[in-house]
Amino acid sequence: MRFTFVTAMLASLVMAAPAVRRDLDGAKGAYGAIAGSANDAALVANTNTFFANLNGVASSDDINQSVKQVSDQISANHKDKVPTQLTAAWVSSVLNKYVA
């Protein structure tokens with residue numbers, strides 16, 4: 001239940017930070033941390049940081065679609081006890097388009 005609440009934060013994060021100037025360099029730094037996430041909670045935190053920094057760099061519609069996709073998959077993988085490293089690799093592959 002608590003993990004579901006944390007992943008729900010992904011969706012609200014994109015809407016909560018529009019007034020703050022974010023940059024691609026910050027997103028790239030967070031992107032690098034995603035693959036090294038030690039557990040699901042760290043993966044969610046690193047993904048939140050990525051999206052917070054990405055805001056304003058890409059279109060809101062594109063970001064919102066990725067937020068939903070990533071949030072749903074992290075939640076499903078957590079429920080199914082998929083190893084964090086596999087989930088992190090999947091998340092990295094989805095988010096790569098923003099930092100490539």
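Summary of computed values
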read-out	value
Cβ pairs under 6 Å, 6+ apart, first in region 26-47 and within 20 Å of Ala58 (Cα to Cα) and of a type outside the set (A, V, I, L, M), second outside any helix (DSSP H, G or I) and open to solvent by less than 50 Å² (accessible area, probe 1.4 Å)	Asn46/Ser37
Of the criteria (1) modelled with pLDDT under 95; (2) more than 9 Å from the chain's Cα centre (by Cα); (3) not aliphatic (A, V, I, L, M), which one Thr49 fails	(2)
Near pairs, Cβ below 8 angstrom, 6+ apart or cross-chain, from region 54-71 (farther than 16 Å from Val44 by Cα) to any residue that is surrounded by 14 or more Cβ atoms within 10 Å (Cβ to Cβ) and of a type in the set (A, V, I, L, M, F, W, C)	Asn55/Val14; Asn55/Ala17; Asn55/Ile63; Val57/Leu24; Val57/Ala27; Ser60/Val14
Residue that is surrounded by fewer than 16 Cβ atoms within 10 Å (Cβ to Cβ) and out of contact with any Lys or Arg (no Cβ under 7 Å at 6 or more places or on another chain), where the choices are Ala33, Ala38, Ala88	Ala38
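The values are calculated or read from the model by the stated rules, or taken from the named source; none is laboratory data. Owing to the predicted nature of the structure, the values given are computational and were not obtained by experimental measurement. As a convention, Cβ positions derive from the backbone with ideal geometry for all residues, glycine included, and neighbour counts pool all protein chains shown. Areas reflect the complete protein model, heavy atoms only, side chains present, ligands, DNA and RNA absent. Shrake-Rupley method; radii C 1.70, N 1.55, O 1.52, S 1.80 Å.
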